[in-house]
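The values are calculated or read from the model by the stated rules, or taken from the named source; none is laboratory data. Everything numeric here is computed off the predicted structure, so don't read it as measured data. No Cβ is skipped: glycine too gets one built from the backbone with ideal geometry, and neighbour counts run over all protein chains shown.
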Amino acid sequence: MFLLHHRRWLAAGVAVLTAAALGIAPAAAAPSADDEFDSTAIGALPAGWTGSGGQAAVAELPATRDRSLRLTDTSASTSTLAGRSFAATSDPVVVSLRLRAEQSSAVIGVHLDGPQGRAVTVALDDSANWYSYRGAQRTTLRGYTADRWYDLRIVARPATDTATVYLDGRLLASGLTFRSPVDTLDHLQITVSRSGVGAVWVDDVRIEAEAAAASWPSLGVVRPRDAGAIGASSVSVGGETLDRDYTDYASYRRYLDPLGATGIRMQTGWAKTERTRGVYDFGWLRSVVDDATARGVRPWLSVSYGNPAVYGSAGGEIGSGGRLPTGEGLTAWGNYVDALVTEFRGAVDEWEVWNEPDLRDQVPPEQYADFLIFTARRIRAAQSNARIYGVAAAGLWGNPSYPEQVLSRLAELGKLHLVTAVTYHAYSYNPDQKALYDQIAKVRGRLAGIAPGVSLRMGEGGAPSRSGGTGALAEQPWTPVSQAKWDLRRLIADLGNGVPTNVFGISDMRYGAPPAGINDKGLLRIHDDTRAVRYAKPAYYSIQAAASVLDGRLTPTRSSGATVDGRDAAVHTFRNAIGRQAVALWLRGGQEGIPSAGTTREFATVTVPAGNFTDPVYVDLRTAEVYDIPDGSWSRSGATYTFTGVPVYDSPVLLADRSLVPL
């Protein structure tokens, strides 16, 4: 991973204007809770919680060091309750928590209440089903299994008396009407019903509220599309470090297909596969490749790293920028590549050679070029239709000529036909800064002069969700909100510039002892000590919404001329085959363009000179909320469309034809 740290490349010198200076009302104060229970004494009720009936206290799950709130009901005539109040709000409330029932024979409920009554219930029944309500009518959602953690997310909107429910990253129900209409929400309650006995574990309880993105009529949320349903897109996700066991595929795989990314980048792990000379155990990688493929997600295999445990220094090194295999190690590498491609050629046709050879100045471009030729020839011999990606540069800044020198060497040797694309990584505080895309254009131009048929694609980029971990950008005071903004802005800026993109990564990575050893760029939060997934972060749902809309049906129109009434805004326009449009836009402002943790929006007039809309809608991709744009808020004069009162901030929103947005 490469860090673009130098502030001279950022939008230095731009004044930072506060909301007050702009005459903008600040966002409403948000009730919040973030209860992990790990600091609560075993046997105690957590601060801020109340309980009644049976026992409600923090306990340690057997065989783990993780503390959770456990509700135990031993009476068939009395319910066990645990609840937490929060500041009353009429704004949308997001409640996220993990829940694990010890049995499938008790009724366990998660409830959101207001002063007027019970608004939302999501519950487990005594027949092993999840269920909820549409008004007074019960609706079954899906089955459940005892002694398994579930990641539950409820979005409740008092203004419309509706709720949306997600489970393990997958949308279960949208547009659920409240059981009782309420003006505000102010209380979360967990129950084990009096009709039976049982126990349930609850953990990672988060309560957040945020003013609605728009006052326009709500149409609900972007309906996520699984990777298999999307089929083709230019969005992939990072599944790196499985080769070193920094992540746990079995733990995160259930989140993979609902995300909507249609590819996953993974490293093949020579050292993990060949522990004895000439003996290859591909079982670990085979299970991953087969599972991802079955989920509609195409594996993109980065063939790396070295194998010093078996071949000593001749086997090269493990890690970014590490030395390449040489001598007998190179011969063994070639044999490994032969076996690897033969093993997976029925499931994989995208191969990348090594990772970030330019990072530590240990691998000159000429040496890497020769290594790329050696490896690519072995890949092609085993799979003639292979798509081979080269360079995997740590960045286009520190050594921008590295890709050019590599391809020049290939051209000199008549081997350009071996390479399909050049990949690069990009980490910058401002994910869409102009200097980055100017540099991409320069590199593209230079590569086109050497190898016209070789494309450029972004192979790795992402932001942390908290500070203090390891890896690029870790020292910035990130939050889950600013991570979601960063990931969205990079994804859309790449696609808008015609660059296939990759979100790094699907899961947090444990490089070393927590907290400093945790790379927090994942869309999924992990247990720091076990690598097992705890829950999907807000950025997961943001990328899910973007992937569901910006798929292979849409192509970028790079000179649309759309403007946001003179403000410093990024604008990217996409069209489908019949010209219907989705215009993505966000404000670049703030501290040097770095995404903020705030959610205050401004109102702008957006002009689209060459528009094509029949029924325009507004989409806040970060929250996935969709709104109808009333007739009085947009107009058309010839091919020019004007939208007034559009809520904008430093996170991408869409003005899109309704036909492009799954609802």
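Descriptive notes on the structure:
- Options Ala656, Ala639, Ala582; residue that is outside the structural domain of Ala435 (by TED's automatic domain parsing) and in contact with a helix residue (DSSP H, G or I) (Cβ under 6 Å, 6 or more places away or on another chain): Ala582
- Test: Val341 is at pLDDT 95 or above and buried (at least 21 other Cβ atoms within 10 Å of the Cβ): yes
- Criterion: aliphatic (A, V, I, L, M), free of Cβ contacts under 8 Å to residues at least 24 places away in the same chain and either over 30 Å from Asp520 (Cβ atoms) or not assigned by TED's automatic domain parsing to the domain that holds Ala472 (or both) - qualifying residue of Ala411, Ala369, Ala448: Ala448
Residue-by-condition table, conditions (1) within 20 Å of Ala539 (Cα to Cα); (2) free of Cβ contacts under 8 Å to residues at least 60 places away in the same chain:
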site: Val626; (1), (2): yes, no
site: Gly632; (1), (2): no, yes
site: Gly638; (1), (2): no, yes
site: Phe643; (1), (2): no, yes
site: Pro652; (1), (2): yes, no
site: Ser659; (1), (2): no, no
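- Residues of region 270-288 classified as crowded, with 23+ Cβ neighbours inside 10 Å and either under 20 Å from Tyr541 (Cα atoms) or not charged (D, E, K, R) (or both), total: 2
- Where strands (runs of 3 or more DSSP E) fall wholly inside region 68-178, the ranges with 1 or more residues that are in contact with a Ser or Thr (Cβ under 7 Å, 6 or more places away or on another chain) and over 17 Å from Val200 (Cα atoms) are 80-89, 108-114, 117-124, 129-134, 137-143, 150-157, 162-167, 170-177.
- The listed residue being assigned to a strand (DSSP E or B), in contact (Cβ under 8 Å) with a residue 60 or more places away in the chain and of a type in the set (Lys, Arg), out of Arg525, Arg489, Arg531: Arg525
- Evaluation of Asp650 against (1) charged (D, E, K, R); (2) touching a helix residue (DSSP H, G or I) at 6+ places or on another chain (Cβ under 8 Å); (3) more than 26 Å from Glu210 (Cα to Cα) (one fails), failing number: (3)
- Counting only residues that are more than 15 Å from Arg553 (Cβ to Cβ) and either surrounded by 22 or more Cβ atoms within 10 Å (Cβ to Cβ) or β-branched (Val, Ile, Thr) (or both), region 228-241 holds 6 of them.
- Being at pLDDT below 95 and either in contact with a Cys (Cβ under 7 Å, 6 or more places away or on another chain) or of a type outside the set (Ser, Thr, Tyr) (or both) holds for only one residue in Asp91, Asp125, Asp66, and it is Asp66.
- Count - residues of region 186-203 that are within 29 Å of the chain's Cα centre (by Cα), within 22 Å of Gly114 (Cα to Cα) and of a type outside the set (Val, Ile, Thr): 1
- Residues of region 643-663 satisfying the condition of being surrounded by fewer than 16 Cβ atoms within 10 Å (Cβ to Cβ) and touching a strand residue (DSSP E or B) at 6+ places or on another chain (Cβ under 7 Å): Thr644, Leu663
- Residue selected from region 302-326 under the condition within 29 Å of the chain's Cα centre (by Cα) and surrounded by fewer than 23 Cβ atoms within 10 Å (Cβ to Cβ), by the criterion nearest to Val279 (Cα to Cα): Ile318
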